[in-house]
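Student: My questions will all concern the structure given below.
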Amino acid sequence: MYTQLFGHYLLNKGIIDTDELHAALTAMTRIKAKLGAVAIDAGYLTAEQVEEVHEAQHTADKRFGAIAVSKGFLTEEQVFDLLARQKNSNLVLGQALIDFGFMTHKQFEDALNDYKRSASFTDGSDDENMEREMMHILGVDKMEDSKFFSDYILLFIRNLIRFLGDDFSLGKVQRNVTVSMNYACRQEIQGDITASVAIGGTESGFIGIAARYAGEDLTETDGYTKACVGELLNLQNGLFAVNMSNEQNIELELTPQVSEEKAMINVPANGIAINLTFSFGDIKIVVVKK
């Protein structure tokens with residue numbers, strides 16, 4: 001969830017704009033975080049030291065880690081640690097922004113440190129800390145029925161990352177409004193809890209959801225596309241129902257999914273609409289507790 005939180009922070013602070021973020025998100029699938037960015041995040045190197053190693057690479061045919069060790073910036077053990085971190089790095093968004101020239105290493109370092117301080121993160125922060133920060137950013141922790149919304153939305157975001165990818169950022173959160181979607185899929189949750197849920201967005205966003213979920217190259221909003229989006233929504237709600245039964249002894253049932261075009265959805269105070277920007281387009285998640 002690091003990508004979503006850090007991208008939201010950079011936008012809110014005006015460090016990057018929406019076009020720059022979208023370009024970086026689009027490039028994330030083909031970019032790997034370089035050792036310099038990973039070293040800055042780990043606190044092993046400063047931006048100035050990273051730049052010095054990069055300069056040395058222009059005249060020496062050596063790897064980043066080897067040069068950093070020769071300069072006394074890193075130990076061999078730290079290089080091994082950084083290589084392990086690089087394989088599972090959450091820093092691809094930052095690397096993309098650096099590669100495009102939207103940020104320097106120094107700007108990345110400053111923004112990353114400021115973000116960690118503002119979010120009370122440390123190098124050892126776990127997913128639970130990030131999830132709390134995300135719920136705070138979305139304002140879910142201040143909502144009535146915050147437990148329900150937190151459990152549901154965190155599960156939804158985990159499933160988006162699992163089935164669609166993590167190349168998206170958090171956008172605007174809306175309540176007490178009517179939101180519009182070019183294409184949407186809805187489903188009702190009934191039983192001990194009653195709620196209405198929808199996912200959709202622009203045409204490119206809706207097709208992108210289906211294409212990612214199906215693992216196919218889809219280009220039209222036909223019946224198959226709508227079925228794929230509906231299947232993702234049904235999977236999300238089915239998992240939520242299982243969790244509620246196992247953890248809180250709450251029994252829920254689901255109605256069949258319904259697809260709509262030019263959907264207008266009322267979001268009251270006890271509801272939330274979350275805008276997400278993927279590299280393939282914009283989508284919205286709407287959850288209303290009744």
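Student: Just to be sure, is residue 193 more than 21 Å from residue 27 (Cα to Cα), assigned to a helix (DSSP H, G or I) and either assigned by TED's automatic domain parsing to the domain that holds residue 18 or modelled with pLDDT under 95 (or both)?
Tutor: When the stated conditions are applied, residue 193 does not pass them.
Student: Quick one: residue 60 ticks every box in (1) in contact with an Asp or Glu (Cβ under 9 Å, 6 or more places away or on another chain); (2) not in a helix (DSSP H, G or I) bar one, so which box is it?
Tutor: Going through the list (1) in contact with an Asp or Glu (Cβ under 9 Å, 6 or more places away or on another chain); (2) not in a helix (DSSP H, G or I), residue 60 breaks only (1).
Student: Also, quick follow-up: Give just the number: which of (1) under 22 Å from residue 25 (Cα atoms); (2) free of Cβ contacts under 8 Å to residues at least 40 places away in the same chain; (3) buried (at least 20 other Cβ atoms within 10 Å of the Cβ); (4) not polar (S, T, N, Q) does residue 216 not satisfy?
Tutor: (3)
Student: Then there is this: Assess whether residue 232 counts as being at pLDDT 95 or above and either crowded, with 22+ Cβ neighbours inside 10 Å or not small (Gly, Ala, Ser) (or both).
Tutor: When the stated conditions are applied, residue 232 passes them.
Student: Which ones in the stretch 227-261 are closer than 20 Å to residue 149 by Cβ, without any contact (Cβ under 8 Å) to a residue 40 or more places away in the chain and part of a helix (DSSP H, G or I)?
Tutor: Those that are closer than 20 Å to residue 149 by Cβ, without any contact (Cβ under 8 Å) to a residue 40 or more places away in the chain and part of a helix (DSSP H, G or I): 238, 242, 245, 246, 247, 248.
Student: Pick from 276, 239: which is under 17 Å from residue 157 (Cβ atoms), within 24 Å of the chain's Cα centre (by Cα), surrounded by fewer than 18 Cβ atoms within 10 Å (Cβ to Cβ) and among the hydrophobic types (A, V, I, L, M, F, W, C)?
Tutor: 239
Student: Could you please let me know if residue 43 is surrounded by fewer than 19 Cβ atoms within 10 Å (Cβ to Cβ) and closer than 22 Å to residue 116 by Cβ?
Tutor: Here the answer is yes, as residue 43 does meet what is asked.
Student: Which one of these is outside any helix (DSSP H, G or I), buried (at least 16 other Cβ atoms within 10 Å of the Cβ), of a type outside the set (S, T, N, Q) and under 23 Å from the mean Cα position of the chain (by Cα): 33, 27, 37? I'd like the intermediate steps shown before the answer.
Tutor: Working: 27 fails: outside any helix (DSSP H, G or I); 37 fails: outside any helix (DSSP H, G or I).
That would be 33, the only listed residue that is outside any helix (DSSP H, G or I), buried (at least 16 other Cβ atoms within 10 Å of the Cβ), of a type outside the set (S, T, N, Q) and under 23 Å from the mean Cα position of the chain (by Cα).
Student: Then there's this: May I ask you to verify whether residue 246 is in contact with an Asp or Glu (Cβ under 9 Å, 6 or more places away or on another chain) and either of a type outside the set (A, V, I, L, M, F, W, C) or not assigned by TED's automatic domain parsing to the domain that holds residue 164 (or both)?
Tutor: Numbers: in contact with an Asp or Glu (Cβ under 9 Å, 6 or more places away or on another chain): no; either of a type outside the set (A, V, I, L, M, F, W, C) or not assigned by TED's automatic domain parsing to the domain that holds residue 164 (or both): yes.
Here the answer is no, as residue 246 does not meet what is asked.
Student: Output the number of the condition that residue 224 fails; it satisfies all remaining conditions of (1) without any contact (Cβ under 8 Å) to a residue 24 or more places away in the chain; (2) surrounded by fewer than 18 Cβ atoms within 10 Å (Cβ to Cβ); (3) within 24 Å of the chain's Cα centre (by Cα).
Tutor: (3)
Student: A further question follows. Report, by residue number, each residue of the stretch 160-177 that is in contact (Cβ under 8 Å) with a residue 60 or more places away in the chain, in a helix (DSSP H, G or I) and out of contact with any Leu (no Cβ under 7 Å at 6 or more places or on another chain).
Tutor: Those that are in contact (Cβ under 8 Å) with a residue 60 or more places away in the chain, in a helix (DSSP H, G or I) and out of contact with any Leu (no Cβ under 7 Å at 6 or more places or on another chain): 160, 161.
The values are calculated or read from the model by the stated rules, or taken from the named source; none is laboratory data. Every value quoted in this text rests on a predicted model; they were computed, and no experiment measured them. With ideal geometry, Cβ positions are generated from the backbone for all residues, glycine too; neighbour counts draw on all protein chains shown.
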